[in-house]
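The structure under discussion appears below in the form of structure tokens.
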Amino acid sequence: MDIDLKQLEVITGEEIDTPDLDECFIPSGRKKKSRKLEEVVIPKRHSKRIIRDAVSISMKAQKRTQAKNDISDKNKFAIFNFVDNSILANIAVDSGVMLGQNDSKILDNIETLKAKELAQSLICLAKERLTK
């Protein structure tokens, strides 16, 4: 803008006053609009069969992973883990199964059998998941 005014002064030979920037702008009487804070939209997946089933996708994914990782109710073969060691020791003695010479050896062998049973049941569950 200054260059244009200087060129105009050179052409006309008259001196031109440059206006102040504060004088150029006139304040309006309107108030500025304040922006509302926008809420974050959480994506939800609605079921067509169940009315008002607006569960967020992340919650459904968390429930699905918890169900996959839960082994307590799916173990068909982990029966020893739900029975007390002393009861299992009594059953072994009544059945004529020798698990050890003293009580500590018997309890150690029962814990080993429980761990083996749990490992076998987890292997079986993994095979079932692979075949699905």
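Can you find even one residue in the range 13-34 that is at pLDDT below 75, in contact with a strand residue (DSSP E or B) (Cβ under 9 Å, 6 or more places away or on another chain) and on the phi < 0 side of the Ramachandran plot?
For the range 13-34, residues at pLDDT below 75, in contact with a strand residue (DSSP E or B) (Cβ under 9 Å, 6 or more places away or on another chain) and on the phi < 0 side of the Ramachandran plot: absent.
Residues checked against (1) more than 41 Å from the chain's Cα centre (by Cα); (2) at pLDDT 90 or above; (3) surrounded by 10 or more Cβ atoms within 10 Å (Cβ to Cβ):
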site	(1), (2), (3)
LYS48	no, no, no
ALA61	no, no, yes
ILE91	yes, yes, yes
LYS105	yes, yes, yes
ASP108	no, yes, yes
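Looking at LYS74 and the list (1) in contact with a Leu (Cβ under 8 Å, 6 or more places away or on another chain); (2) modelled with pLDDT of 90 or more; (3) among the basic types (Lys, Arg), which single condition is not satisfied?
Going through the list (1) in contact with a Leu (Cβ under 8 Å, 6 or more places away or on another chain); (2) modelled with pLDDT of 90 or more; (3) among the basic types (Lys, Arg), LYS74 breaks only (2).
The values are calculated or read from the model by the stated rules, or taken from the named source; none is laboratory data. Being a predicted model, the structure only gives us computed values, none of them experimental. Methodologically, a virtual Cβ is constructed for each residue, glycine included, from the backbone with ideal geometry; neighbour enumeration extends over all protein chains shown.
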